[in-house]
Amino acid sequence: MSDLPYLRAYPQTVRQQVSELLLANKLGEVLSRRYPEPRHQVQTDKSLYDYTLGLKRQFLKSSEPLSKVVFDPKLHIIHNALGTHSQVSRVQGGKLKSKNEIRICSQLKQLPLPLLKMLVVHELAHFKEKDHNKAFYQLCQYMEPEYHQLELDLRLFLTWQEHQAKQG
């Protein structure tokens, strides 16, 4: 279990613990205990938009409006990203119009809601802070105080899913 692509940035001790859990077929149990809730209700583009808009209204009232929030089947977890954010600018008449869009990998619909929230918070934070810097992570933690733990848990969840797929 030396190759854990979602955990490369974590210390060797964390990767070793995860490898041991995978070898003992216990990582799924650990995650199930941590996130016992069954599948959440955010399953459509409309429900994802509404969910994201609620978080935006709560934490980023003064930021520019969201034009689109969708589950994107074209995003691939390994090759692209878990989610993307974009700001599309267009000239309409004499005015510059911009549209803010968030796309979440559609493969992640089955995530526990707290992990989906972490992804949405991450993408929302990019509308204020473009780079992954200290201010960006502070904003993420402001919107979701357990952000860093949820990010690790998301990586564990993806590692477990990949392990399950390889097991057949």
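The values are calculated or read from the model by the stated rules, or taken from the named source; none is laboratory data. All of these numbers come straight from a predicted model, not from anything done at the bench. All Cβ positions, even for glycine, are placed from backbone atoms using ideal geometry, and neighbour counts span all protein chains on display. The protein model used for the area step is the full one, side chains on, heavy atoms only, and it has no ligands, DNA or RNA in it. Shrake-Rupley method; radii C 1.70, N 1.55, O 1.52, S 1.80 Å.
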Quick calc of log₁₀ I(q)/I(0), the chain, Debye, one scatterer on every Cα, no solvent, q values 0.09, 0.11, 0.19 1/Å, result -0.34, -0.50, -1.33
Using a Gaussian network model of the chain whose springs link C-alpha atoms within less than 10 Å, name the residue from Val18, Val69, Val121 with the highest mean-square fluctuation.
Val18
Which part of the stretch 112-141 falls in the paramagnetic zone of Lys99, meaning amide N under 19 Å from the point 7 Å along Cα-to-beta-carbon?
124, 127
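Using the heavy atoms of the protein chains and a 1.4 angstrom probe, tell me the accessible area per residue for the chain in square angstrom.
Values: 9910 Å² over 168 residues.
That works out to 59 Å² for each residue.
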Calculate, for Lys26 and Gln138, the FRET efficiency according to 1/(1 + (r/R0)^6) with r their C-beta to C-beta distance and R0 41 Å; round to the nearest 0.05.
0.75
The extension gain from Gln16 to Glu162, computed as 0.36 nm times the residue separation minus the Cα-Cα distance, is 50.9 nm
Over the stretch 82-168, one equal point on each Cα, no solvent: what is log10 I(q)/I(0) by the Debye formula at q = 0.20 Å⁻¹?
-0.95
Gaussian network model of the chain, Cα within-10 Å springs - most flexible of Gly93, Gly83, Gly28
Gly93
With the crude spin-label approximation of a point 7 Å out along Cα→Cβ, what separation in nm comes out for Ser63 versus Asp131?
1.8
I need two numbers for the stretch 91-141: Rg to one decimal and Dmax as a whole number, Cα atoms only, in Å.
14.4, 45
